[in-house]
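A quick write-up on the structure given underneath.
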């Protein structure tokens, strides 16, 4: 594992994902990319732009609009000795392939008593914030994290966008990678020799003593921004990036809560029955006596995401909502 | 003996050996299924149990066209396919017993038989769900330049699923080496084909994807075998996928929880007159390829095999409950 230590260079999340795919295609002949508009169009979010020219139509394989069949074909190809990367345009479309993901990819190993593992990687865009309304904006990664047999990754940083894919491809079991669509244009610096990163551990992205924010994906940056504001008031927030929703690394956030005694979960998924509920339950099980205040959650308001910007903004977790909740929690003394 | 008569005799022997082989395979399935029903009533087998009785000629005929390297994707009515493919009756019954010596350690049961040695990819119980898997297996073979056929079995019910149409399109679009075998037994569980499909002539569906197709009498093992061999040869020569519809009939209920309200006894009896096993026995006898003695011996051997398989399953052990959460994720890290 090497997150990289060389010279830094400017890049974007989109380019980091593309580089990760390019590296995988160069390193391993078994790897190929398949999905809607990944080739000639360059990917609906332009993530695979240029790969068709470099690797040809066999390995950068445009598919018809048939999520169930091409995800199932990914499973079959994985069983047949290949290492497919299947791209689904958005998590909402993945529901058309939910049968294959849940009933086949996640279950084959178990149903076959260990005979057939499925080394498949599925990438998809997730999340709101682009005014794409109720059929292109939802955050269902927490839903997939409910399913034993799957691994669910949510790279937020450039380092993870660059490094998680290869580790996922080396995994013998199906891995789902959720790329929040608001992150694709995010710019930043990445070491020139950035490489694979481990996918089993959460990371403390900011140290603090007063409150732990547990989050992932695009909400990470909202949490960090809120933490920067709060520090001016003397409130030091620790920010945990879960990175992987299944298996969930509870040790990292439980350790943090043992220090801060307060936990706020920020999740772009809906509140009821979501991953935030799971995290909250694990805090109750593992850190109840450490808490000085009730666990709080800031999630997406329980509506299908609306188109209008002012409504969508209010529906999603935002910095200006995190700050007052955090402030109030720190003032609470159990 | 003239050279001509020697050749004739040799040919007759081959024909006889082959006929006996096909008959044995069908009998093995029939007796395994009858025993399974019995074991179900005795509560040795639980869950769902879908019997293949009446449809044996399809699995047996098609398997003759496949090599050991070929891959098979089957449905939840797959004991016959598993047995005809070369999985042992003992491993199958032990699986239905839920024992760890079963082919899937008792994790799958009747509907989910798997075997890596014979490339048997289930045992798929979501109707139509196996077709995309077959597309992927064939894609992998094609990308790796292997001249291998993936044979995908499914029923007439699957034809109504979107995954059937998506898979036919992908297979044709990418010219994949897949033999699609539709086992048309006229009912999707209890719903008759004419209540499910606007076009009941299923091979016409294949024309929509420009896939070569043929319908055969699925009660006639020789006809199925010949058609499957022709189809497999076409696929191996690089002509892309092939759709083979085998018109057959399920003699028993859909599962063990089916009072059969949707079809008449007369209809079932009419089809039973076309029983793939008894009609084949008559044919072999008519051609002097089978004697009563041969048949008795065959039945004895098959009966012994099934008896031994049951004895094996009875002696099998339960997986320790501590192992429950194994096989959710692979036990080795890297692939």
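Taken together, the values in this text are just the output of simple stated rules run on the coordinates, not laboratory data. It should be emphasised that the depicted structure is a prediction, and the values quoted were computed from it without experimental measurement. All Cβ positions, glycine included, derive from the backbone under ideal geometry; neighbour counts span all protein chains shown.
Structure above, values below:
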| quantity | calculated |
| --- | --- |
| Alpha-carbon Rg with Dmax, taken over chain A, Å | 19.7, 62 |
| Proxy reagent accessibility, fewest Cβ within 10 Å first, across B:18, B:254, B:112, B:81 | B:18, B:254, B:112, B:81 |
| Distribution of pairwise C-alpha distances over region B:13-321, 10 Å bins, in % | 6, 28, 35, 24, 6, 0 |
| Virtual paramagnetic centre 7 Å along Cα→Cβ of residue A:228, amide N under 20 Å, in region A:143-160 | A:156-160 |
| Prolate/oblate/rounded call for region A:203-331, Cα gyration tensor, a/c under 1.5 rounded | oblate |
| Value at 222 nm in deg cm²/dmol, rounded to 500, when DSSP H runs of n ≥ 4 in chain A each add -39,500 (n - 2.57) | -10000 deg cm²/dmol |
| Shielding by partners - mean other protein chain Cβ count within 10 Å, residues of A:80-89 | 4 |
| For peptides A:47-58, B:176-187, sequence by mean Cβ density within 10 Å, most packed first | B:176-187, A:47-58 |
| Ellipticity estimate at 222 nm from DSSP helix runs (n ≥ 4, -39,500 (n - 2.57)) divided over chain B, nearest 500 | -15000 deg cm²/dmol |
| Within chain A, percent of DSSP bridges classed antiparallel, to nearest 5 | 20 |
| Among B:39, B:113, B:244, residue whose mean-square fluctuation peaks in a GNM of chain B (springs only between Cα atoms under 10 Å) | B:39 |
| Binned Cα-Cα distance frequencies in region B:166-246 - 10 Å width, integer % | 19, 47, 30, 4 |
| GNM flexibility winner over chain B from B:126, B:92, B:203 (Cα, springs under 10 Å) | B:126 |
| Packing-based exposure ordering (other Cβ within 10 Å, fewest first) of B:219, B:143 | B:143, B:219 |
| Cα gyration tensor shape of region A:119-169, rounded if a/c is under 1.5, else prolate or oblate by comparing a/b with b/c | oblate |
| Antiparallel bridges, percent of DSSP beta bridges restricted to chain B (to nearest 5) | 10 |
| Residues residue B:21 and residue B:173, FRET efficiency given R0 of 56 Å [Cβ-Cβ distance, rounded to 0.05] | 0.90 |
| q = 0.09, 0.14, 0.17 Å⁻¹, region B:112-267: log10 I(q)/I(0) [Debye, one scatterer per Cα] | -0.29, -0.70, -1.02 |
| Likely footprinting exposure, A:313, A:173, B:201, fewest C-beta neighbours within 10 Å first | B:201, A:313, A:173 |
| Antiparallel %, DSSP beta bridges [both residues in the protein assembly as shown], to 5 | 20 |
| Hydrodynamic radius (Kirkwood) for region A:8-191, which is based on Cα pairs only, to one decimal in Å | 16.2 |
| Two-decimal ratio, the protein assembly as shown, of alpha-carbon radius of gyration to 2.2 N^0.38 Å | 1.10 |
| Over chain B, relative contact order from alpha-carbon pairs under 8 Å, at least 6 apart, % | 22 |
| Hull shadow area, averaged, region B:276-335 [alpha-carbon convex hull, nm²] | 8.5 |
| Candidates A:29, A:262, A:14: whichever shows maximal mean-square fluctuation once chain A is modelled as a Gaussian network with Cα springs under 10 Å | A:29 |
| Equivalent ellipsoid, region A:80-149 (semi-axes from 5 times Cα gyration tensor eigenvalues, Å) | 27, 13, 8 |
| Whole-angstrom gap from region B:144-184 to region B:50-65, using each part's C-alpha centre | 18 |
